[in-house]
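Structure first, commentary second.
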Ligand SMILES: [Fe+2]
C-alpha cells in the first residue's frame with residue numbers, strides 16, 4: 001500500500017523528534033503493509049519548512065532505512081496550509097506537492113487558483129474540517145471541479161470522535177473520497193495503519209473493506225504519477241434508513257465518478 005500523508009521526518013514538525021523514532025515509525029508502517037510513504041510535514045507559519053530541508057530529511061531517512069533493512073521507501077511531499085499555498089511561488093509549490101490543509105478562508109478561490117497553476121490539489125482530511133461538516137455540498141462542488149480528497153484512516157475508526165467518523169462514512173457513500181492515508185505522527189499513538197480504518201468502517205458500510213486496494217494503491221499511484229484517476233468503484237449501496245441509524249444528516253449531492 002501507499003500512504004500519501006504522514007509526518008515521518010524527524011524534527012521538522014509535530015512528528016518524530018529524532019531519526020530513531022522515524023525508523024520505529026517506518027517499521028510500524030512496514031508491518032502494516034505499507035511500501036511507500038509520502039512524507040508530508042506541515043508547511044505553515046509555525047513550521048516554515050522549505051523544499052530543500054524536506055528533501056534532505058527524506059534522503060537521510062531513506063539511507064537509515066536501508067541500513068536498518070526496513071523495506072519502506074519515503075518520498076518527499078508536504079501538508080501545505082492553504083493560506084501559505086496561495087503565497088508560494090510556482091516553483092516552491094510544485095516542489096512541496098502534495099497536500100493542503102483546510103482552514104476557514106476563501107477555499108474555492110485558493111483551490112481554483114492552485115489548479116489554474118497546473119497542479120491537482122489533494123485536500124487533507126476534509127472530514128475533520130468543520131466547514132465541510134456544516135456544508136457537505138461545498139466539498140461536493142470542489143470535487144466536481146477536480147479537487148481530490150484524502151481522508152484519514154483513523155477517522156474511519158473513530159479516533160477523532162463520532163461526528164468525524166459519521167462524516168467520513170458519508171463521504172465514502174457519496175463517492176467524495178479518493179485516497180485513505182494514515183496522517184501518522186509516531187509509531188505509538190498515531191501509528192501508520194490504513195486497513196484498520198476500513199475494517200472499522202465495514203460494520204457500517206458493508207463492502208468497503210473489499211475496495212481498500214483502490215483507495216490505498218490504485219488511486220495513490222495515479223496521484224503520485226500525475227495520471228488520471230482510474231474509475232472509482234461504485235460505493236456500496238446504502239442500507240435502509242432504519243439501519244442507518246448512526247448517521248443523522250441527509251446525503252450530500254452525489255458527484256459524477258472520476259473517469
Ligand atoms: Fe497531517
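Only the coordinates and a few stated rules stand behind these numbers; no lab work does. A quick note: this is a predicted structure, and the numbers were derived from the prediction, not measured. Every residue, glycine among them, receives a Cβ derived from its backbone with ideal geometry; neighbour counts consider all protein chains shown.
By the gyration tensor of its Cα atoms, with a ≥ b ≥ c the square roots of the eigenvalues, what is the shape of segment 2-225: rounded for a/c under 1.5, prolate for a/b over b/c, or oblate?
On the way: a/c = 1.75, a/b = 1.12, b/c = 1.57.
Taking the square roots of the gyration eigenvalues as a ≥ b ≥ c, segment 2-225 is oblate.
How would you order 32-43, 61-72 from highest to lowest mean count of nearby Cβ atoms within 10 Å? Let's see the in-between values first.
Numbers: 32-43: 22.8, 61-72: 15.5.
Averaged packing, sorted descending, gives the order 32-43, 61-72.
Under the 0.36 nm per residue contour assumption, what length would be gained going from the current alpha-carbon distance of residue 209 and residue 116 to full extension? Intermediate results must be reported in sequence, preceding the final value.
Details: separation 93, 0.36 × 93 = 33.48 nm, distance 3.52 nm.
In short, 30.0 nm is gained.
In nm, give the distance between the simple-model label positions of residue 69 and residue 196, each being 7 Å from the Cα along the Cα-to-Cβ direction.
2.6
Taking the highest mean first, how do the peptides 52-58, 224-230, 20-26 order by number of other beta carbon atoms within 10 angstrom per residue?
Numbers: 52-58: 16.4, 224-230: 11.6, 20-26: 21.7.
For the peptides 52-58, 224-230, 20-26, the packing ranking is 20-26, 52-58, 224-230.
What ranking do 107-120, 205-218 get when scored by the average of other Cβ atoms within 10 Å per residue, highest first?
Numbers: 107-120: 15.1, 205-218: 18.1.
Those peptides, ordered most packed to least, come out 205-218, 107-120.
Roughly how many whole Å is it from the C-alpha centroid of segment 108-156 to that of segment 6-71?
25
At 7 Å along Cα-to-Cβ for each site, give me the label-to-label distance between residue 108 and residue 17 in nm.
4.5
Kindly state, to the nearest 0.05, the FRET efficiency for residue 234 paired with residue 163, given R0 = 22 Å and r defined as their beta-carbon distance.
Values: r = 26 Å, r/R0 = 1.18.
Approximately 0.25, to the nearest 0.05.
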